[in-house]
Every structure is written in C-alpha cells, then in structure tokens.
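One structure below.
The values are calculated or read from the model by the stated rules, or taken from the named source; none is laboratory data. This structure is a prediction, so every number in the text was calculated from the model and none was measured. Counting neighbours? That spans all protein chains shown, and the Cβs are built from the backbone with ideal geometry, glycine included.
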C-alpha cells in the first residue's frame, strides 16, 4: 500500500507541476479515449487511467468527473482519492481538497509523503487566510557585453558628422541586491474581491561604468474586483530611480487591467498611464527634457498547455509626449513566451520579443534624419529550487539567465548589440493570518 500510494502521489504531483507543488517526474499511463470511457462508464480502472491522462494534459474538469465515478464505484480506492484532492486543489476548491487531504493523512504513508501532504495543507490554509504576506530578498551578478550601448559601427553622429568611439570600453559586470514585500487583504466578499500592496527596492553596483550605478524604489496598491464576465484590477503605482546615488526619475502612474479566465487560458487587456518627471542629474544634465506623459495599451493571452507547459503572447502600443519634442515616440511591440516545468519546482522560461519605434521629430544636434528603431530580444532563464538538494534551503531559488539584444536604427548612434548573462539567488517567505 505504501509503495502504491507513493507512486500515485508522485505521478499526480508531477502532472500538476504548474500548481506550485511539483515533486518529481513520472510517466503517464497509456492514454484512454473518452469513447472508451463511454463504452464502460462503470469501470473504475478505465476511468482512473482516463483521469490520469486528463491530468497530464492539464484538462482538469473531465479528470474530476472521471475520478468521482471511480470513488463512487470503489470508495476505498485511496489513490483515486489522492489524485481527486490534488485536482480539487488545482481547481481552487480548497475546502474540499483540505477535507480529502485530512482523510489521506490517516493512511499508512511513509513520513516523507505525509510531510508533503501537510505542506500542501499548510499552503491551502495560507491561501484561505484573509490576510497574506510575502517577503523576498536576493542578489546576483550580471555581465553585459555592451553596458554603455555604444554603436556597433564604432562611430556616433554629431551634427551629421561621425565621431570615432571604437576605443571606449563596452563590457561591464554589475552586482545587484533586491528586497521586497507583498500584502493581500481579502475584502470579505463571497466573490473574493481583493486588495493588494507591494514595495520593492533594487540596487545595482557597476564594476566600471560607475555613473550607471542605480537605486530604484517602487510601490503599488491594487484592487481586484471579481465578476463572472471578467476580473477588473485597478492599480496605482509610484517609482523613483537614482543614478550615481542622485535622483533621476520620479514616476507616478495608474493602470486598469481586465482579465477573463477560462479553464486553461487567460485573456487580458491593460491600459497604463504615467507622468515621468526627470530630474537634472550629474550623469545627464539634459534629463528634464525627457519629462512628460507616457501611456501603453496591451493585449495578452496565456494558456496552460498541459501540466508542464505554459504559453504566452502579448502585443503592446506605447507612446510618449515629452517636454522636448525630440523625445516623443510611438512604439509597437510583440512578445512570445514559453515556460516548461520539468518537475521538482524547476522551470525553464524562454522569450522572444520585437519592437518598432518611431520618433517623428529629428534631433538636429545628432542628425536631420528621422529616427526609427527596430529591436529584437531573445532570453532564456533556468530556475532551480535548492530545497530538493538541501531541505534547509527549500525557500531559496537559483536562477541562471541569458539574453541577446539587437537594436537597429536609421541613426547609427542607436544601432548596437548587447549580450547579458546573470546568476541570481533569491529567498521567499510567505505567511497567512
């Protein structure tokens, strides 16, 4: 019984990796078709195999129905009860999942599996709390092949004349530190309306390009209104950026986001607006010329493609009206993402993005030509929780990332490439009250 329960639990949890409780990889049984189930609806073995196949595919509602038929036909088939509880958890039926986990805890399971079930119960308890808090702390290193964004041609335009900058150093390595806290307050509504707040501090220290040492502090308050048609999220935010330890940008803003969820997909529409106030700084004495308003409208889609894959796409339109017209622009952007959850809490995220930006007013100090930019970016991030290797580090995540950036412009000053590689360690703590 212990060995059988352990195998079933590992299979179920691996199939539900995206539900934030992946333990280890398993092998799904041979897939059973719905037509086979219709032919033998009272066969518990057939229904159970069909349920596991649906869980593996991320199709949870048919899996739930099949498991209920199994439990009705064989009430003492505990492995079905186990998978049923995990599916309920994934479907946000937390009260039912908790009750079934209490029953499962009384089974003769080995201590390691019992501890994991208790961990899932603790997570359910935290998510059901009316007030939740999360704190994060971390740091890392990053190397940029072209931190100064110097042109690939090695020459810059000035009054339509070329200046040689090929001898200037490009590469640099930085150290980053960050800390933050998030808060969620259930507003007591049956629909689950929610208020959330967050604050984040971020600091980088450059190895060579000291003027680009940065401090950033951001805060946000958001309210989520849940309705049957869609969720509406209204957000107020503020950010302040310092360069070389001196104020550079103060940026208050607001955003409205509409989200519509289906069984495995999310569709969202977001509009954001901000007032960017740039402050005169030793690094950039002309920064106040960039002061102005900016706005962005984006349309996005996410889909849980099976238990171990997530896909995403987003289109955005941004524009800015600055104090000095040469900084006005309009930009179209498109990004694609893919996340793979191989198990044990690990993930591999890949992204691809492109953008087209147009500046209608030429900067005659540089060139009389109008500036148009094209940007391409490709990134890869591997996340590895350290808990499976050392339980004392169960809340620590190691991330290794890389990104290639390529910019092309009608003005040679803004045509360049940059390659980034980084390593980050982050710790996260969560609690509910």
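Worth a mention:
- Evaluation of residue 383 against (1) crowded, with 17+ Cβ neighbours inside 10 Å; (2) in contact (Cβ under 8 Å) with a residue 40 or more places away in the chain (one fails), failing number: (2)
- Meets criteria (in a strand (DSSP E or B) and free of Cβ contacts under 8 Å to residues at least 24 places away in the same chain) for residue 275: no
- Filtering the stretch 359-376 to residues that are assigned to a strand (DSSP E or B) and surrounded by 17 or more Cβ atoms within 10 Å (Cβ to Cβ) leaves 359, 371, 373, 375.
- Scoring residue 125 on the criteria (1) loosely packed, with under 15 Cβ neighbours inside 10 Å; (2) free of Cβ contacts under 8 Å to residues at least 24 places away in the same chain leaves a single failure, condition (2).
- Some residue of the stretch 93-104 being under 27 Å from residue 41 (Cβ atoms), surrounded by fewer than 20 Cβ atoms within 10 Å (Cβ to Cβ) and in contact (Cβ under 8 Å) with a residue 24 or more places away in the chain: no
- Residues that are surrounded by fewer than 14 Cβ atoms within 10 Å (Cβ to Cβ) and out of contact with any helix residue (DSSP H, G or I) (no Cβ under 8 Å at 6 or more places or on another chain) within the stretch 274-286 comprise 275, 285, 286, listed in sequence order.
- A count restricted to the stretch 287-302 and to residues that are surrounded by fewer than 17 Cβ atoms within 10 Å (Cβ to Cβ) and either in a strand (DSSP E or B) or under 17 Å from the mean Cα position of the chain (by Cα) (or both) stands at 5.
- Of the candidates 348, 352, 356, the single residue that is under 24 Å from residue 386 (Cα atoms), in contact (Cβ under 8 Å) with a residue 24 or more places away in the chain and surrounded by fewer than 18 Cβ atoms within 10 Å (Cβ to Cβ) is 348.
- Residue within the stretch 319-330 that is in the same structural domain as residue 261 (by TED's automatic domain parsing), assigned to a loop (DSSP other than H, G, I, E, B) and touching a strand residue (DSSP E or B) at 6+ places or on another chain (Cβ under 7 Å) present: yes
- The test for being outside any helix (DSSP H, G or I) and either at pLDDT 75 or above or at negative phi (or both) holds for residue 31.
- Of all the listed residues (381, 361, 374), the sole one being at pLDDT 95 or above and either outside the structural domain of residue 312 (by TED's automatic domain parsing) or over 23 Å from residue 334 (Cα atoms) (or both) is 361.
- Residues of the stretch 234-270 that turn out to be touching a helix residue (DSSP H, G or I) at 6+ places or on another chain (Cβ under 9 Å), modelled with pLDDT under 95 and in a strand (DSSP E or B), as a count: 1
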